[in-house]
Amino acid sequence: GKEKWPRGDEKVWKDGLRAADDDVPSITKSIVHHVQTSLSRQAYNLDDLGAYQATALSAKDNMLLNWNETQLAYTRKQPKRAYYLCIEYLMGRTFDNALLNLGLKDQYHEGVGKLGFNLEDLLTQERDAALGNGGLGRLAACYLDSSSSQELPVWGYSLRYKYGIFQQLIAPDGSQLEAPDPWLEHLNPFEIPRYDVQYEIRFYGQAERTADGRAVWSGGQEVLALAYDVMIPGYGTKNTNNLRLWESKPKRGFDLQSFNAGDYERAVEASNSAEAITSVLYPNDNTTFGKELRLKQQYFWTAASLADIIRRFKSLEKPFSALPDYAAIQLNDTHPTLAIPELMRILVDEEEVPWNSAWDIVTNTFFFTNHTVLPEALEKWPVPLFEHLLPRHLQIIYDINMTFLQSVEKKFPGDRERLSRMSLIEEGFPKQIRMAYLAIIGSRKVNGVAELHSQLLKATICKDFVEFYGISKFGNVTNGVTPRRWLDQCNPGLSALITETLKIPKSEWLKDLKKLEGLIKYADDPQFQKKWAAVKQTNKERLAQYVEATLGVKVNAKAMFDVQVKRLHEYKRQTLNIFGVIHRYFTLKAMTPEERKKANPRVVFFAGKAAPGYYIAKLVIRLIVNVARVVNADPDTKDYLEVYFLPDYSVSLAELLVPASNISQHISTAGTEASGTSNMKFCLNGGLLVGTVDGANIEIGEEIGEENVFFFGHLTEAVEDLRYQHTYHPVPIEQKCPALAHVLNEISAGKFGDGQTYEPLLNTVRHHDHYLLTEDFQSYIDALKLVDEAYLNQTTWLKKSIITCAKMGKFSSDRAILDYAEEYWSIEPLKVE
Ligand code: Z15
């Protein structure tokens with residue numbers, strides 16, 4: 001029979017239970033306690049870092065109480081849960097968000113003050129948790145915030161990288177340098193190691209087939225996965241979900257043979273190889289990188305996560321056929337696709353479920369989101385590499401493929417072309433496994449991340465699969481962002497103004513963002529406009545202060561702030577922006593001082609990291625830095641144009657930039673940016689959008705009205721044909737776009753430092769022009785001219801800004817996560833009382 005819990009005297013247990021420290025005296029007591037015990041320090045000599053750690057530990061205690069209650073409620077009520085598998089979580093800082101969500105910010109402010117510290121200073125002691133590259137990882141972070149806030153039972157699973165995204169340094173010549181990000185070098189107050197949650201993960205070895213399509217996988221290397229939990233508090237609720245991160249460890253008694261043979265060094269090396277798995281985040285965004293260690297990361301993570309999910313399911317004592325009633329597993333991009341053959345392996349080899357029943361369970365448990373249609377980002381793994389590392393999984397994939405192709409043959413008899421198009425194995429030397437196809441056929445449903453992207457998916461990558469399965473397997477969930485971090489926290493001035501104007505508590509509109517529409521009726525109100533403008537001005541000055549403190553330069557905060565911040569990538573076309581800046585510079589130079597006085601002063605900010613091996617992207621950074629050097633030093637234009645490249649873009653830097661923009665640029669070649677999410681953040685903070693008709697820009701335009709957006713450029717439908725023209729009937733750039741030709745020639749001629757340096761970059765535009773700069777440059781310049789004219793009239797500008805913010809309700813990640821919960825995972829909110 002079952003043991004009785006708790007053991008011992010129940011009353012003694014009950015007496016030991018703590019309540020949350022939510023009044024100021026209890027908070028200060030708990031902080032002092034942590035200074036003395038957890039940190040083993042004392043009041044004298046305590047610096048900001050120590051004070052931050054003790055204060056964060058005290059806040060963590062409060063979160064833990066909620067976490068415990070949430071998990072207990074899940075265990076007791078056994079709801080269906082969703083698991084969000086994402087290889088990146090770009091969390092940023094936790095502390096401020098935790099205080100906001102716990103509703104304890106004021107109390108902590110006061111308590112910390114009593115101890116002689118300033119809470120705002122302590123908040124900046126925290127290092128960003130930067131376990132992600134860009135949009136994909138930040139989206140996952142927003143979705144966790146919304147899951148807890150909407151009281152949905154969702155857990156995240158990922159890897160606990162020892163080093164997050166590299167720190168970016170800019171050398172004097174403008175080159176990007178990369179330094180490691182040792183974010184764990186101090187205590188991380190927000191993680192809980194779970195030494196009782198460990199799994200053995202195997203690599204390499206042999207797979208020997210037994211009866212009924214089963215097999216035994218043995219030998220090879222075994223490592224341990226150790227769980228670390230990160231609490232995800234919800235806003236205005238007790239619900240606190242979990243993000244479980246795996247760390248790789250050598251197995252105890254690891255390579256005992258080498259120890260016995262007296263080869264101590266070899267054994268230690270092997271332990272290093274185990275620890276290497278979760279050592280570093282791969283710094284590539286929107287491109288693949290076929291390294292064995294990356295495949296090892298993917299398997300290590302999905303195998304540990306599945307072992308954990310299956311262990312939890314087994315404790316319910318239900319038949320495996322009920323798995324889809326208790327678990328939905330979201331595959332975020334193809335990186336966790338190995339979970340599909342891994343679940344087949346567990347069910348068939350270990351649990352002795354017949355193959356067909358196992359496949360039925362699998363295809364009702366997984367869901368797949370695609371985040372890009374760029375061909376270079378579609379994952380394929382060479383069969384020889386894969387077979388060496390995961391021999392049993394290759395057999396399973398071959399078996400899945402065979403059964404699948406038989407059913408295709410049945411539906412489309414004799415269509416050999418179709419079979420080879422749809423096969424999980426791409427023929428060639430070597431053969432490659434198409435991970436996206438495996439994710440599609442192994443999932444219940446598939447979705448894209450904005451309307452246009454989901455349409456393109458159905459028309460391209462998924463076309464054959466739509467014909468095979470029918471359209472209803474393929475859907476769309478437009479991305480969203482959390483208004484807690486991306487409005488209330490990063491822009492407290494605007495948040496307060498909104499609350500005061502709507503005359504409802506902020507907790508209401510922050511959880512029901514459509515309520516922002518209540519601002520529309522004030523869009524013309526001069527008093528309100530004045531306050532709105534004042535908030536923006538304060539935010540611009542805050543950014544200017546940061547730039548002065550970090551770069552040592554004074555920024556003209558009266559000028560329009562024009563921002564493009566995102567990963568450096570050719571398809572995102574930071575080149576278009578910097579060429580536009582050069583064009584503007586030449587135009588200003590050619591004016592008389594009198595004419596110049598009528599110009600709209602502008603400060604252009606760039607920030608973003610380039611993948612360390614992405615040569616062209618790094619050249620773009622170099623060009624921006626050197627253009628900035630020349631332009632900012634020119635007394636003729638100084639009052640009208642400044643350019644800055646802010647190094648080491650991060651979530652925390654975004655929190656300063658987003659509230660300070662007058663306009664932001666989202667100018668990808670049409671059809672290339674699946675969604676974009678920073679576009680949503682800028683608009684939510686009343687910045688206007690300059691963009692192409694691409695990704696979520698389109699839906700933003702639909703919501704806020706096209707008259708409030710500066711759209712330009714060719715449409716997706718035109719792109720294919722234009723590229724064809726460029727390849728087969730090229731027209732010299734001087735003829736096609738003289739303004740752009742002039743810019744390129746001046747760069748070549750050495751106007752911004754040695755012209756030779758930039759030739760490889762300039763040639764991408766002169767030849768092929770895959771991203772169609774020559775086609776869009778003139779309309780881009782025209783759009784920026786319209787921006788200048790519109791900005792001259794501050795009354796109409798402010799109206800646009802207010803309406804933009806007011807109509808962003810759709811883009812809350814609460815809406816997005818509820819969409820996943822209802823239309824995909826079939827999970828329901830479970831309120832923790
Ligand atoms: C990434 O950040 C995105 C897609 C990817 O396939 C990879 Cl590997 C990384 C981005 C998209 O580029 C962006 O358009 C989208 O908003 C974001 O994912 C979140 O869906």
Practice problem: Could you calculate the FRET efficiency of K521 with E822 from 1/(1 + (r/R0)^6), where r is the beta carbon distance between them and R0 is 35 Å, rounded to 0.05? | Solution: 0.65
Quiz item: Gap in Å between the Cα centre of the stretch 634-677 and the Cα centre of the stretch 761-833?
Solution: 13
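Sorting check: for 5-18, 82-95, 693-706, which peptide has the highest mean count of neighbouring beta carbons within 10 Å, and how do the rest follow?
Taking the mean over residues of other Cβ atoms within 10 Å, the ranking is 82-95, 693-706, 5-18.
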Quiz item: If the limit is 27 Å between Cα atoms, which of K598/K800; K566/K807; K530/K785; K11/K318; K503/K554 go over it?
Solution: K11/K318; K503/K554
Practice problem: Estimate the FRET efficiency between N118 and D639 by the formula 1/(1 + (r/R0)^6), using the beta-carbon distance for r and 35 Å for R0, to the nearest 0.05. | Solution: 0.45
Practice problem: Within the stretch 388-462, report the GluC sites (Glu not before Pro) that DSSP leaves as loop and that have at most 11 other Cβ atoms within 10 Å. | Solution: E427
Exercise. Find out how many positive minus negative residues lie around N600, taking Lys and Arg as positive, Asp and Glu as negative, among other residues whose Cβ is under 9 Å from that of N600.
Key: 0
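What ranking, highest mean first, results for peptides 49-57, 321-329 when packing means the other Cβ atoms within 10 Å averaged over each residue?
Details: 49-57: 22.8, 321-329: 19.2.
So the peptides 49-57, 321-329, ranked by packing, come out 49-57, 321-329.
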Quiz prompt | Extent along principal axes [Cα atoms of the stretch 147-241; Å; largest to smallest] | solution = 62, 48, 24
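So which trypsin sites (Lys or Arg not before Pro) in the stretch 138-224 end up in coil per DSSP with only 12 or fewer other C-beta atoms within 10 Å?
Those that pass, being in a loop and sparsely packed, number zero.
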Quiz prompt | Positive-end residue, the chain charge dipole about Cα centroid, Cβ charges, pick of V466, A534, A73 | solution = A73
Quiz item: Farthest toward the dipole's positive end in the chain, which of Y108, I698, G613, given Cβ charges of +1 (Lys, Arg) and -1 (Asp, Glu) about the Cα centre?
Solution: Y108
Quiz item: What chymotrypsin sites (Phe, Trp or Tyr not before Pro) in the stretch 123-230 are in a loop by DSSP, with at most 16 other Cβ atoms within 10 Å of the Cβ?
Solution: Y204
Self-check item: 12 Å Cα-Cα reach of K514 towards aspartates and glutamates, excluding residues that sit fewer than 8 places from it in its own chain
Solution: E703, D814
Quiz item: By average Cβ neighbour count within 10 Å, what is the ranking of 747-759, 576-588, 612-624 from highest down?
Solution: 576-588, 612-624, 747-759
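Placing +1 at every Lys and Arg Cβ and -1 at every Asp and Glu Cβ, with all other atoms neutral, what dipole size does the stretch 694-833 have around its Cα centre, in debye to the nearest 20?
Details: 11 positive and 25 negative charges, 101 e Å.
Here the size comes out at about 480 debye.
Taking the Cα centre of the chain as the origin, how large is its charge dipole in debye, to the nearest 20, when only Lys and Arg (+1) and Asp and Glu (-1) carry charge on their Cβ atoms? Before the final figure, lay out each step's value.
Working: 94 positive and 107 negative charges, 165 e Å.
Dipole of the chain, to the nearest 20 debye: 800 debye.
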Exercise. Could you check the simple spin-label distance between K314 and E594, using points 7 Å along Cα→Cβ, in nm with one decimal?
Key: 8.7
Quiz prompt | Length added when fully stretched, I471-D782, from 0.36 nm per residue minus Cα-Cα | solution = 108.0 nm
Quiz item: Contour minus end-to-end for K831 and K558, with contour as 0.36 nm per residue of separation and end-to-end as the Cα-Cα distance?
Solution: 93.5 nm
Self-check item: Compactness of the stretch 498-640 - radius of gyration and Dmax, Cα, Å
Solution: 19.4, 53
Quiz item: How many nm separate the modelled label positions at E759 and Y264, each set 7 Å beyond the Cα in the direction of the Cβ?
Solution: 5.7
Quiz item: Taking the Cα centre of the stretch 35-162 as the origin and placing charges on Cβ (Lys, Arg +1; Asp, Glu -1), which of N97, A82, L131 is farthest toward the positive end of the dipole?
Solution: A82
Self-check item: Value of Rg/Rh across the chain [Cα atoms, Kirkwood radius]
Solution: 0.97
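Can you give the calculated 222 nm mean residue ellipticity of the chain, where each DSSP H run of n ≥ 4 adds -39,500 (n - 2.57) and the sum is split over every residue, rounded to the nearest 500 deg cm²/dmol? Spell out each step's value before the answer.
Working: 35 runs with 390 residues, N = 833.
So the calculated ellipticity at 222 nm is -14000 deg cm²/dmol.
Considering only DSSP beta bridges with both partners in the chain, what is the antiparallel share in %, to the nearest 5?
45
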Quiz prompt | Point-to-point label distance, R209-Q735, nm (Cα→Cβ direction, 7 Å offset) | solution = 6.2
Quiz item: With a sphere of radius 9 Å drawn around the Cβ of I827, what net charge do the other residues whose Cβ falls strictly inside it have (Lys, Arg +1; Asp, Glu -1)?
Solution: 0
Self-check item: Value in Å of the Kirkwood radius, where the stretch 691-790 supplies the Cα pairs that are averaged
Solution: 15.2
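Readers should treat all values here as calculations from the given coordinates under stated rules, not as data from a laboratory. Bear in mind the structure is a predicted one, so any value in this text is a computation, not a measurement. Quick reminder, even Gly has a Cβ in these numbers, built from the backbone with ideal geometry, and neighbours come from all protein chains shown.
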